[in-house]
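K.L.:
The structure is given below, and queries will be raised subsequently.
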Amino acid sequence: MCQLHQSIPPGSLVKGGDIVQFDWNDSGDEDHTGIVTRVEKNGHSVAIYYAGHTSNTDYQSVDESLRNGGGTVSFWNVK
């Protein structure tokens with residue numbers, strides 16, 4: 001399940017350049033950080049993609065990462 005918290009409301013306000021952080025084991029601390037590369041809106045659904053420092057996460061969707069690893073995700077707006 002994707003749980004959004006911190007400074008950005010779900011989906012539509014996340015934008016390219018924002019920070020995405022994953023807590024893979026729901027321990028309360030972030031295990032991985034990436035940068036949002038694009039946001040695709042299709043009706044009521046939103047797909048968010050990010051790039052990380054490992055080759056297998058270059059432009060991967062946040063939903064796909066959560067399906068593979070579980071956990072929760074946080075987004076941070078960079079102003």
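The values are calculated or read from the model by the stated rules, or taken from the named source; none is laboratory data. Keep in mind the model is a prediction, meaning the values are calculated, not measured. As a convention, Cβ positions derive from the backbone with ideal geometry for all residues, glycine included, and neighbour counts pool all protein chains shown.
K.L.:
Quick one: which strands (runs of 3 or more DSSP E) lie wholly within the stretch 26-79 and hold at least 2 residues that are over 14 Å from VAL14 (Cα atoms) and touching a strand residue (DSSP E or B) at 6+ places or on another chain (Cβ under 8 Å)?
P.N.:
Once the strands (runs of 3 or more DSSP E) in the stretch 26-79 are filtered for at least 2 residues that are over 14 Å from VAL14 (Cα atoms) and touching a strand residue (DSSP E or B) at 6+ places or on another chain (Cβ under 8 Å), what remains is 32-42.
Yes/no matrix, rows are residues, columns are (1) touching a residue at least 40 places away in the same chain (Cβ under 8 Å); (2) over 11 Å from the mean Cα position of the chain (by Cα):
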{"residue": "GLY17", "(1), (2)": "yes, yes"}
{"residue": "ASP26", "(1), (2)": "yes, yes"}
{"residue": "VAL46", "(1), (2)": "no, yes"}
{"residue": "TYR49", "(1), (2)": "no, no"}
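K.L.:
Then there's this: How many of the residues in the stretch 60-79 are touching a residue at least 40 places away in the same chain (Cβ under 8 Å) and charged (D, E, K, R)?
P.N.:
1
K.L.:
Restricting attention to the stretch 58-78, and to residues there that are under 22 Å from GLY28 (Cβ atoms) and in contact with a Phe, Trp or Tyr (Cβ under 7 Å, 6 or more places away or on another chain), which single residue is modelled with the lowest pLDDT?
P.N.:
That would be GLY69.
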